[in-house]
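*Asks:* To start, I am sharing the structure in question, which I have written as structure tokens.
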Amino acid sequence: MIRTVYVSGAIFAAAIMMAACTHSAVEEEVVVAEPVAVAPELPTLYYAMTDIYQPEFQGVADTAFWAYDDDGNLDSSLLTDEQWATMKASAEVLRDTSRAFAAAEQIRVAEDGEELFNEGQGFIASEDVQAIIDAEPDGFKAMMTYLADEAERTLDAIEARDAEALSLSSDNLYAACKTCHTVYWYPGRR
């Protein structure tokens, strides 16, 4: 039994020595890949309006409404932590989406052949909206920056839990949305 252990130990030691010699004779370079951030694809502007901007604006404006008391006075204490959190999450989405559009190389208004809501009944055709944006992309990017800045001011009001500033910033967000609609979606209308 002692001899078996000795033989097994000798074989084990020889295997380790061979591995060590083989390993030292071959230089291995370990390359650690850096993580690659993949930016999500920017949605169409029409999708963003209907499925991002509209509901997230409501997340701010409809919730901010609850800061008014029965006499129409603003009172931050009327909002719960959950309501403040809802408004913060919505304002962050508005800010980040607007920043993404402001930084985009190419803006797609709608999918090929997609008809806009109320197209021909107030809204112009998606191809016409696309032509307006393509003719002056820097103007559209400035509009998106303006909207992002207003969302950032909303976040500041939320962080401070300041109902007065929240009400003002909510009004300014609405004005930014309406301005974009007037310029790009139904130009010449109010």
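*Asks:* Return a yes/no flag: does the range 40-47 have any residue that is surrounded by fewer than 13 Cβ atoms within 10 Å (Cβ to Cβ), within 30 Å of Ile158 (Cα to Cα), at pLDDT below 90 and of a type outside the set (Ser, Thr, Tyr). Steps first, answer last, please.
*Replies:* Of all residues in the range 40-47, those surrounded by fewer than 13 Cβ atoms within 10 Å (Cβ to Cβ) come to 40-41.
In the following step, the residues that additionally are within 30 Å of Ile158 (Cα to Cα) were identified as 40-41.
Subsequent filtering for residues that are at pLDDT below 90 retains 40-41.
Cutting the leftovers down to of a type outside the set (Ser, Thr, Tyr) gives us 40-41.
Yes, that holds for at least one residue.
*Asks:* Something else about it: Kindly provide the set of residues from the range 157-190 that are in contact (Cβ under 8 Å) with a residue 60 or more places away in the chain, farther than 19 Å from Arg95 by Cα and of a type in the set (A, V, I, L, M, F, W, C), ordered by number.
*Replies:* Passing the criteria: Ala163, Trp185.
*Asks:* Also, quick follow-up: Any residue in the range 156-171 that is outside any helix (DSSP H, G or I) and either surrounded by fewer than 17 Cβ atoms within 10 Å (Cβ to Cβ) or among the hydrophobic types (A, V, I, L, M, F, W, C) (or both)?
*Replies:* Pass one, the range 156-171, residues outside any helix (DSSP H, G or I): 161-162.
Cutting the leftovers down to either surrounded by fewer than 17 Cβ atoms within 10 Å (Cβ to Cβ) or among the hydrophobic types (A, V, I, L, M, F, W, C) (or both) gives us 161-162.
Scanning the range 156-171, I find at least one residue that is outside any helix (DSSP H, G or I) and either surrounded by fewer than 17 Cβ atoms within 10 Å (Cβ to Cβ) or among the hydrophobic types (A, V, I, L, M, F, W, C) (or both), so the answer is yes.
*Asks:* I'd like the full set of residues that are of a type outside the set (Lys, Arg), at pLDDT 95 or above and within 19 Å of the chain's Cα centre (by Cα), limited to the range 151-171.
*Replies:* Ala151, Glu152, Thr154, Leu155, Asp156, Ile158, Glu159
*Asks:* Would you mind finding the one in Leu94, Leu116 that is under 20 Å from Leu42 (Cα atoms) and in contact with a strand residue (DSSP E or B) (Cβ under 6 Å, 6 or more places away or on another chain)? Let's see the steps before the verdict.
*Replies:* Numbers: Leu94 fails: in contact with a strand residue (DSSP E or B) (Cβ under 6 Å, 6 or more places away or on another chain).
The match here is Leu116.
The values are calculated or read from the model by the stated rules, or taken from the named source; none is laboratory data. These numbers were taken from a predicted model, which means no experiment stands behind them. Here Cβ is always computed from backbone atoms with ideal geometry, including for glycine, and neighbour counts include all displayed protein chains.
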